[in-house]
Amino acid sequence: MDKFRISGGRPLKGRVSISGAKNSALPCMAAAVLTPETVILHNLPYVRDIITQRRLLEDIGATVLTPELRTHKITAAHIELFEAPYELVKTMRASVLALGPLLARFGKAKVSLPGGCAIGTRPIDLHLAGFEKLGAEVKLEAGNVVARAPRDGRLRGGEIHFEKITVTGTENLMMAATLAWGRTTLYNAAREPEITDLAELLNKMGARIRGAGTSTIQVDGVEALGGAEHTIIPDRIEAGTFIIAAAMTAGELEIKDCRPEHSAALIAKLREAGVELQELNPTTLHVGGAMKLTASDVTTQPHPDFPTDMQAQYMALMTQAQGRSQIVETVFENRFMHTSELQRMGARIHIDGSRATVDGVTRLTGAPVIASDLRASASLVLAGLVAEGETVVDRVYHIDRGYEKIEAKLRAVGADIERVRESVTAPPGATAEADAAVV
Ligand code: EPU
């Protein structure tokens with residue numbers, strides 16, 4: 001298993017370009033299953049989860065061509081398998097996004113039920129209740145979700161009131177509704193930019209979706225969808241991670257190819273905490289200047305509020321801010337796994353249920369630490385960048401799932417970080433394959 005070795009204490013300086021959003025690319029790739037025609041996606045990030053999603057598409061019979069590194073041409077003309085097997089679902093929960101498109105186009109789908117994972121129990125009950133509202137019969141058989149459309153093979157439009165806001169649930173139902181009879185209305189829908197991006201692609205394919213980006217989405221079903229070409233939006237979480245990297249190291253970074261309007265709550269919070277941020281143009285941010293970081297409380301919430309996917313990185317930042325901050329996690333019940341590792345580096349953090357109290361400023365010291373999930377890994381890398389001495393982050397396959405070449409990007413702006421490749425046999429239960437999936 002690869003590790004990162006980081007020598008802290010160097011301010012980051014230079015320019016960094018943001019890759020495409022993994023969490024938008026994954027549903028957009030799944031959407032290609034809705035049509036026999038070719039869907040061309042540009043700006044896909046080169047990360048492990050995209051490779052896994054590609055494998056899923058190929059396993060079920062789709063053809064995926066890669067004319068360029070970040071472009072996929074996906075043709076789902078000859079789908080032979082209507083399921084996402086356990087081997088894939090256990091490594092990547094987003095495989096459940098195959099359910100909506102398969103059910104909508106072929107009237108049947110089987111997806112292994114994902115178990116709990118490193119950040120919480122993460123059920124998919126809301127997805128399943130939504131499919132039932134669209135007329136599907138949903139059964140659990142031998143650990144698999146088996147869903148069938150009514151006898152004529154086509155879902156019926158319906159009204160779906162999500163009890164809780166769910167991102168992939170909204171995406172799954174929005175995709176399923178595109179080919180249903182009549183109108184579907186999704187209430188209390190997720191409003192993430194990734195939802196809007198997916199709706200944009202679906203509409204290019206011929207779907208009739210209105211209201212994406214608001215909490216009420218209306219989908220008028222159509223007979224069939226066609227091919228389309230689409231460019232994935234930039235990854236707002238990668239951009240946020242680099243902003244924090246610049247702030248923590250008292251560096252100066254120009255962050256290119258991003259969409260600041262997708263990160264309004266994060267940017268406002270970081271400014272409040274003393275981070276100097278300027279929008280140079282609609283796709284470029286500048287971080288740097290005389291920064292005096294001060295503690296500022298935050299509560300994670302669905303978009304447009306502060307994202308849970310930035311909570312771990314923000315916690316690393318708060319260890320370097322003057323004063324006491326409270327960080328409340330409301331989206332997932334178990335997303336403080338990074339805390340004990342940050343504590344090993346000297347951070348003063350106290351956890352009480354869903355609330356973390358961080359006391360800063362702490363001089364962090366390098367230590368061997370273990371990454372537990374994607375965003376937790378990012379927070380450990382950030383801590384390593386300011387720690388005195390050497391930090392070794394183990395199990396970086398978590399970070400490879402969602403950050404494109406993070407060590408190369410960091411090194412290019414002055415960080416002392418290297419990947420140590422290890423081919424030793426992993427201890428039982430500690431391989432990328434067997435580890436809890438977190439997407
Ligand atoms: N939930 C249910 N039942 C459901 C669905 C969700 O109880 O049927 C609960 C979850 O357990 C959680 C909350 O609702 O407590 C929100 O979960 P959501 O469904 O929104 O999460 P997700 O769709 O599984 C996506 C991202 C995550 C991100 C969350 C929240 C993708 C592929 N994944 O997950 O990304 O944290 O939304 O914004 O889009 C990451 O990139 O590191 C990551 C974990």
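The values are calculated or read from the model by the stated rules, or taken from the named source; none is laboratory data. Keep in mind the model is a prediction, meaning the values are calculated, not measured. In this analysis, Cβ positions are derived from the backbone assuming ideal geometry, glycine residues included, and neighbour counts consider all displayed protein chains. In case anyone asks, the SASA skips ligands and DNA or RNA and just uses the protein heavy atoms, side chains included. Shrake-Rupley method; radii C 1.70, N 1.55, O 1.52, S 1.80 Å.
With respect to the conditions (1) in contact with a helix residue (DSSP H, G or I) (Cβ under 8 Å, 6 or more places away or on another chain); (2) part of a loop (DSSP other than H, G, I, E, B); (3) more than 10 Å from the ligand (Cβ to nearest atom); (4) farther than 16 Å from L266 by Cβ, S296 lacks only one, and its number is (4).
Here's the yes/no breakdown for (1) more than 29 Å from P85 (Cβ to Cβ); (2) touching a residue at least 12 places away in the same chain (Cβ under 8 Å); (3) not β-branched (V, I, T):
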position	(1), (2), (3)
N144	no, yes, yes
R154	no, yes, yes
I165	no, yes, no
N172	no, yes, yes
W181	yes, yes, yes
T184	no, yes, no
E194	no, yes, yes
E200	yes, yes, yes
T214	yes, yes, no
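Within the range 15-34, residues that are among the β-branched types (V, I, T) and in a strand (DSSP E or B) reach partners that are open to solvent by less than 10 Å² (accessible area, probe 1.4 Å) and more than 15 Å from the ligand (Cβ to nearest atom) with beta carbons closer than 8 Å, at six or more positions or on different chains, in the pairs V16/F242; V16/L253; V16/I255; V16/V413. A residue that is more than 9 Å from the ligand (Cβ to nearest atom), in contact (Cβ under 8 Å) with a residue 60 or more places away in the chain and basic (K, R) can be found somewhere in the range 101-121.
Out of E407, E388, E418, one residue alone is in contact (Cβ under 8 Å) with a residue 40 or more places away in the chain, farther than 28 Å from D257 by Cα and surrounded by fewer than 24 Cβ atoms within 10 Å (Cβ to Cβ). It is E388. Of the listed requirements (1) farther than 30 Å from A376 by Cα; (2) surrounded by 18 or more Cβ atoms within 10 Å (Cβ to Cβ); (3) more than 13 Å from the ligand (Cβ to nearest atom), R183 misses just one: (2). Scanning the range 386-406 for residues that are in contact with a Gly (Cβ under 9 Å, 6 or more places away or on another chain) and of a type outside the set (A, V, I, L, M, F, W, C) yields a total of 5. Residues in the range 36-56 that are more than 13 Å from the ligand (Cβ to nearest atom), buried (at least 24 other Cβ atoms within 10 Å of the Cβ) and either assigned to a strand (DSSP E or B) or not aliphatic (A, V, I, L, M) (or both): V39, L41. Considering the range 122-149, the residues that are of a type in the set (D, E) and within 16 Å of the ligand (Cβ to nearest atom) include one that is farthest from R183 (Cα to Cα), namely D125. Scanning the range 170-204 for residues that are within 18 Å of A109 (Cα to Cα), assigned to a loop (DSSP other than H, G, I, E, B) and within 24 Å of the chain's Cα centre (by Cα) turns up just one, T178. Against the definition (of a type outside the set (K, R), more than 13 Å from the ligand (Cβ to nearest atom) and closer than 24 Å to A207 by Cα), how does A189 come out, yes or no? When the stated conditions are applied, A189 does not pass them. So, of the residues in the range 74-100 that are away from the ligand (no atom under 16 Å from the Cβ) and of a type in the set (S, T, Y), which turns out to be least open to solvent (accessible area, probe 1.4 Å)? Per the criteria, the residue is T75. For the range 161-180, filtering for residues that are surrounded by 24 or more Cβ atoms within 10 Å (Cβ to Cβ) and either within 16 Å of the ligand (Cβ to nearest atom) or closer than 18 Å to P193 by Cα (or both) leaves 9.
Within the range 89-169, considering only strands (runs of 3 or more DSSP E) that don't extend past its boundaries, which have at least 2 residues that are small (G, A, S)?
Fully inside the range 89-169 and qualifying: 108-112.
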